[in-house]
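Enquirer: Below you'll find the structure I mean.
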Amino acid sequence: MQRRELFGSLASKLRGETSAKKQESILRPPYNNEESLFHNECQKCDGRCATVCEEEIIKIGSDKSPYLNLLKSGCTYCDDCAAACEFGVLTLENKREINAKITINRSLCMSWSSVMCFSCKDPCLDDAIAFKSLFQPIIDAEKCTACGFCISRCPVEAIEVRVV
């Protein structure tokens with residue numbers, strides 16, 4: 001177990017939380033246009049979008065519709081899930097960012113408590129996380145694609161996801 005994993009698991013236990021609580025609503029893959037298609041068309045499918053996802057973030061729910069679990073990795077927007085979808089639920093024409101807003105909970109963040117930590121900034125592919133002074137990470141909403149790579153890297157689970 002890496003040091004970050006240890007601190008993250010200890011912090012969540014102290015708060016009495018589990019990682020599953022972080023996802024309050026369903027995050028859908030970024031290649032969709034209409035929520036109703038997930039409920040109608042995904043019933044006919046065997047979940048190919050999940051099997052082609054290299055990051056293994058697409059999961060199939062009990063209703064057979066795909067959702068994103070960003071707790072271990074993030075989305076590279078590689079187009080593979082959309083290319084694999086036979087029923088038009090995910091299409092390249094509907095490529096957009098993930099329907100989420102990523103924020104940093106300042107009361108949980110180690111950097112906002114004057115501890116030097118760049119865990120969220122390092123995996124950010126879009127340079128969307130900047131630091132005001134040395135200890136205050138801020139997510140630039142204009143640059144953030146909600147890919148989720150920063151979420152699993154935070155040792156204290158201070159990065160929050162809200163479905164929009």
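Enquirer: Taking amide H atoms as placed 1.01 Å from N in the peptide plane, list the residues 5 or more away in sequence, or in a different chain, whose amide H sits under 5 Å from that of residue 100.
Expert: The list, which skips near neighbours in sequence, is 164.
Enquirer: Taking only Cα atoms, what is the 0 to 90° angle, nearest 10, from helix 3-15's long axis to the longest principal axis of the chain?
Expert: Tilt of helix 3-15: around 90 degrees.
Enquirer: Label point 7 Å out from residue 101 along Cα-to-Cβ: which residues of segment 120-164 have amide N under 12 Å?
Expert: Under cut-off, by backbone N: 141-142, 161-164.
Enquirer: Could I ask something else about it? Using a 10 angstrom cutoff on alpha carbons, build the Gaussian network for the chain and name the most mobile of 52, 89, 115.
Expert: Evaluated over the chain, the most mobile residue of the options is 115.
Enquirer: Is the shape of segment 35-94 rounded, prolate or oblate, going by the alpha carbon gyration tensor and its root eigenvalues a ≥ b ≥ c, with a/c under 1.5 for rounded and a/b larger than b/c for prolate?
Expert: Because a/c hits 1.5 or more and a/b fails to exceed b/c, segment 35-94 counts as oblate.
Enquirer: Oh, and also: At a 10 Å Cβ-Cβ cut-off, how would you order 92, 108, 37, fewest neighbours first? Before the final figure, lay out each step's value.
Expert: Numbers: 92 10, 108 16, 37 19.
The order, fewest Cβ neighbours first, is 92, 108, 37.
Enquirer: What size of dipole, in debye to the nearest 20, comes out for segment 12-158 about its Cα centre when the only charges are +1 on Lys and Arg C-beta atoms and -1 on Asp and Glu C-beta atoms?
Expert: Numbers: 18 positive and 21 negative charges, 147 e Å.
Roughly 700 debye, rounded to the nearest 20.
Enquirer: Exactly which GluC sites (Glu not before Pro) in segment 82-164 are in a DSSP loop and have at most 11 other Cβ atoms within 10 Å?
Expert: 142
Values in this text are rule-based calculations from the coordinates and carry no lab data. Just so you know, these numbers come straight off a predicted model, no measurement behind them. No Cβ is skipped: glycine too gets one built from the backbone with ideal geometry, and neighbour counts run over all protein chains shown.
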